[in-house]
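Undergrad: Take a look at this one; I'll ask things after.
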Amino acid sequence: MGRLFVVGSLNVDTVVRVDRHPLPGETVMGGDPLRLWGGKGANQVVSAARNTAAATVFIGRVGDDSVGAEYRSRLDSFGVDTRNLRTTPGVPTGSAAIAVSAASENTIIVSSGANARLVAADLQALDDLTPGDVVVATLEVPTPVIGHAARRSAESGARFVLNFSPVIDLPRDVVEAADPVVVNEHEAVELNRRFGSLGSVLITRGSDGSEWGGVFVPALPDLDVMDTTGAGDAYCGALAGELAMEATRAEAMRVATRAAADVVQRPGAQ
């Protein structure tokens, strides 16, 4: 059994429910703001800690503010190893403003804060990777950090999982190192346009399930969907945690599907 290393972001989300999303230049009235824990990296490590038995390690940055200290304590409470969560003086912890419509669709604006200060030197925990370990990286941290995580994983024989959301220009060797690249159905189109055929791609399709190299797992039926924020993160984190526990593709995807189903039935990404 290996360990799961999550390289990614932490954000404090401010969520406002609206009847519909505004058009450009338009103002709409919303409900009371709700503060929730978010950030793709933190969402994923919490999902892994909740839904799998994998030992979880988080690598990222928070600001030297009260919110950053609270977030560190929160991850500790889930049993996440936060010794590689750095505190960045004079910089706020990352944040996000999220509007959730009556149709349970969301729009998100992210302010990176300390997440943007993560550097390759912060990834020293990856120096002792073993072939049984799994490293998952998200796109809310600087791209050189993602490249370092991918190449360090390849050198050690560890599995590298890339949550490629959104699809951007990364070095091809970084993308090809991922097993799998995790994208949704819309991102899969852009992934193919930019990189062509890749060896290991997992596509999530919401209520239509997910597929990975010929393995298909259906979504859970009859869910009372409240908020889709963080569903993909919950899926990816649980998937990576199960892969660290030596689960098969189908086994890992089933656990990931249950984790995503749990998240969409309550407010927030965690």
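Undergrad: Please give the calculated 222 nm ellipticity per residue for the chain, where each DSSP H segment of at least 4 residues contributes -39500 (n - 2.57) and the sum is spread over every residue; nearest 500 deg cm²/dmol?
TA: So the helix-based figure for the chain works out to -9500 deg cm²/dmol.
Undergrad: While we're on this one: What is the order of Ile59, Ile203, Ile98, Ile168, fewest Cβ neighbours within 10 Å to most?
TA: Details: Ile59 27, Ile203 21, Ile98 24, Ile168 11.
So the ranking, lowest neighbour count to highest, is Ile168, Ile203, Ile98, Ile59.
Undergrad: Where does the charge balance sit around Ala102 when Lys and Arg score +1, Asp and Glu -1, over other residues with C-beta under 13 Å from its C-beta?
TA: -1
Undergrad: Fully extended, how many nm does the chain gain between Glu246 and Ala116 (0.36 nm per residue separation, minus their Cα-Cα distance)?
TA: 43.6 nm
Undergrad: Using the alpha carbons of region 50-121, what is the convex hull volume per residue in cubic angstrom, as a whole number? Can you show the working numbers first?
TA: On the way: hull volume 9.4 nm³, N = 72.
Residue-normalised Cα hull volume stands at 131 Å³.
Undergrad: Volume per residue, Å³, of the convex hull around the alpha-carbon atoms of region 133-211?
TA: Values: hull volume 7.0 nm³, N = 79.
Once divided by residue count, the hull of region 133-211 is 89 Å³.
Undergrad: Let me ask something else about it. I need the phi-derived Karplus couplings for region 193-202: 6.51 cos²θ - 1.76 cosθ + 1.60, θ = phi - 60°, integer Hz, Gly and Pro marked x.
TA: Coupling constants for region 193-202: 5, 7, 10, x, 6, 10, x, 9, 10, 10 Hz.
Undergrad: If Lys and Arg each add +1 and Asp and Glu each add -1, what is the summed charge of the other residues whose beta carbon sits under 10 Å from the beta carbon of Ala252?
TA: Every neighbour counted, the sum reads -1.
Undergrad: Give me Glu140, Glu155, Glu190 sorted ascending by neighbouring Cβ count inside 10 Å, so fewest comes first.
TA: Least to most surrounded, the residues fall as Glu155, Glu190, Glu140.
Undergrad: Also, quick follow-up: If I take every Cα pair under 8 Å that is 6 or more residues apart in the chain, average their sequence separation and divide by the length, what percent do I get for the relative contact order?
TA: The normalised contact order for the chain reaches 22 percent.
Undergrad: Which one, Val119, Pro218, Gly241, is farthest towards the positive end of the dipole of the chain when Lys and Arg carry +1 and Asp and Glu -1 on their Cβ?
TA: In the chain, that residue is Val119.
Undergrad: Now, a different point. Skipping prolines and chain starts, which residues have an amide H placed within reach, meaning under 5 Å, of the one on Val91, given they are 5 or more residues away or on another chain?
TA: Those qualifying (amide H under 5 Å, at least 5 residues apart or on another chain) are Asp64.
Undergrad: Restricting things to Cα coordinates, could you compute the convex hull volume per residue of region 1-77 in Å³? Intermediate values should be presented prior to the final figure.
TA: On the way: hull volume 10.9 nm³, N = 77.
Normalising the Cα hull of region 1-77 by residue number yields 141 Å³.
Undergrad: How long is region 134-263 along each principal axis, judged by its Cα atoms, biggest number first, in Å?
TA: On the principal axes, region 134-263 reaches 42, 31, 27 Å in Cα extent.
Undergrad: In nanometres, what is the gap between the two model label sites at Ser197 and Ser73, each 7 Å from Cα along Cα-to-Cβ?
TA: With each label point 7 Å from Cα toward Cβ, the separation is 5.4 nm.
Undergrad: Now for a separate question. Mind jotting down a quarter of the surface of the convex hull over the alpha carbons of region 104-146, in square nanometres, one decimal?
TA: 4.8 nm²
Undergrad: Enumerate the whole-percent occupancy of each 5 Å bin, from 0 to the last occupied one, for all C-alpha pair distances of region 180-238.
TA: In whole percents, the pair-distance histogram is 4, 16, 28, 26, 15, 8, 3, 1.
Undergrad: Contour minus end-to-end for Thr14 and Ser207, with contour as 0.36 nm per residue of separation and end-to-end as the Cα-Cα distance?
TA: Between Thr14 and Ser207, full extension yields an extra 66.9 nm.
Undergrad: State, as an integer percentage, the relative contact order of region 1-135 based on alpha-carbon contacts under 8 Å between residues 6 or more apart.
TA: 33 percent
Values quoted throughout were computed directly from the atomic coordinates according to the rules given, and no laboratory measurement underlies them. Computed from a predicted structure; not experimentally measured. Reconstructed Cβ throughout: ideal geometry from the backbone, glycine too, with neighbour counts over all protein chains shown.
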